[in-house]
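Data block below; observations after.
The values are calculated or read from the model by the stated rules, or taken from the named source; none is laboratory data. Please read all numbers here as calculations on a predicted model, not as lab measurements. Glycine also receives a Cβ, built like all others from the backbone with ideal geometry; neighbour counts cover every protein chain displayed. Only protein heavy atoms, including side chains, enter the accessible area calculation; ligands, DNA and RNA are left aside. Shrake-Rupley method; radii C 1.70, N 1.55, O 1.52, S 1.80 Å.
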Amino acid sequence: MLFRTRTHLRGLLVASTLVLLATACSTRGPQATSADTSGSLKTGPGVTDTTISVGALSDLSNVFGPLGRTMVQGNELYFKQRNAGGGICGRQVKLEMRDHAYNVQTSVAQFSELEPKVLGFVQLLGSPMVSALAPRVASTKAITLPATFSTEWLNKDSLVIVGASYPGDTINGIQYLLDQKLIKPGATLGHVYFEGEYGSNALRGAQYAAGKLGLTIKPIQVAPTATDLTAQFNELRTGGGVQAIVVSAGPRQTASIAGLAGGSGVNVPILANGPGFDPALLGTPVGATLAANLYVTTSYEPFAGKSIAAQDIARTYGESYPDGKPTTFVNYGYAAAGVLGQAMDAACKNGDLTREGLMKAVRSLTAVETGVMPVMNLSDAGRFPTTNSYISRVDAKVPGGLVVVKEPFSSETAAGFAG
């Protein structure tokens, strides 16, 4: 079995219907097999004559469990399709996945176990986990794609961020609300956020946008374990209340805020970063409020997107996981794996599948296309590869619960944010 997990996330092996449209600097969908033609391929940890092992450390059972599971499924889909087409560099890719359950000590132990066995990590989910493991990632040179979009991780050795930043997404989302006249000039916005490099980083974006656009931000910090935000919601209502609420937290916090707003007749837009929405919320009592008021800002297309790539992913997802419950993170997981896959193709072409060779290959990618994310330039470790964001609305009738209302764009305010 090529994909070994501890949570039995297995799908049927499916043949790819997606075709490579790329060169070493551009990819859209899984590539055809890339064979070792150098005759003297250098290899390092995780690479044998027949396999390339890649790790994933995710949260499958705690704060971001539903999102983490679908992100892993997106990773799996991409590598299954590549393997069905002959693999990468003439080798089959093995995905080694572990569930850290949003526990830092568990993630550190799992990294120690997997790191000597893998070329790199296609996923590291959870801000506290990234904080704890960043020094180990740097010292081992194990290329790692953190499932986080914080400016804190720019210029960190061996960390490769895929997508737009939390501040950038937040700025674009606020600009959208203003452009659509969902909030008025001079409005006060509440911002419910997690402490740490996710929520606090997104708050920096909100505060930057407020300063540029003439708005006011009322920040409210919450813990990941908090599920009843009555006190925080009441604080938002003081002093004249707020005209919109930004949520840079988890789905449970989004649900609590939406439920309290709906129950008290506070009918204002709610803007969430991607990790703040889980379509399972639509089957709860807060579903109606979310459908009426929630907007989600991400740098990856939602599962029910209309692009050819999104439709192909949705079709193969249904074949592989007939009982799956997709979220927008299927597409992000697929795209992140595609970026790593393209980097491995470039490293193979260069004759160097060591960790150093893979990093050099990553920084050679200047126009990466995945089909479900904006075109990305990964050449500069000090900049995010894109500043473009999708804006989506809730729609309980579609798989994944989100539909695009604004195609990827970068506001002038977001483009000017330097981090």
### Task
Write down the accessible area per residue of the range 272-312 in Å², having rolled a 1.4 Å probe over the full set of protein chains.
30
### Task
Within the range 227-260, find all residues whose amide N lies under 17 Å from a label point positioned 7 Å from the Cα of LYS181 along Cα-to-beta-carbon.
none
### Task
Would you mind working out the accessible area per residue for the range 373-419, using a 1.4 Å probe, and quoting it in Å²?
46
### Simple label model, 7 Å out from Cα along Cβ direction - LYS397 to ASP323, nm
2.9
### Task
Identify which of SER200, SER299, SER61 has the largest mean-square fluctuation in a Gaussian network model of the chain, with springs joining Cα atoms closer than 10 Å.
SER61
### Query
At a Förster distance of 30 Å, what's the computed FRET efficiency of ASN155 paired with VAL108, Cβ-Cβ distance as r, to 0.05?
0.85
#### Entry: Cut-off 17 Å, label 7 Å out along Cα→Cβ of THR366, residues of the range 333-348 by amide N
343, 346-347
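Tell me the carbon and sulfur percent of the accessible area for the chain, rounded to whole percent, probe radius 1.4 Å. Intermediate values should be presented prior to the final figure.
On the way: 7790 of 15020 Å².
Accessible surface attributable to carbon and sulfur in the chain totals 52 percent.
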#### Entry: SER307-SER139 pseudo-label distance in nm [points 7 Å out on the Cα-to-Cβ vector]
3.8
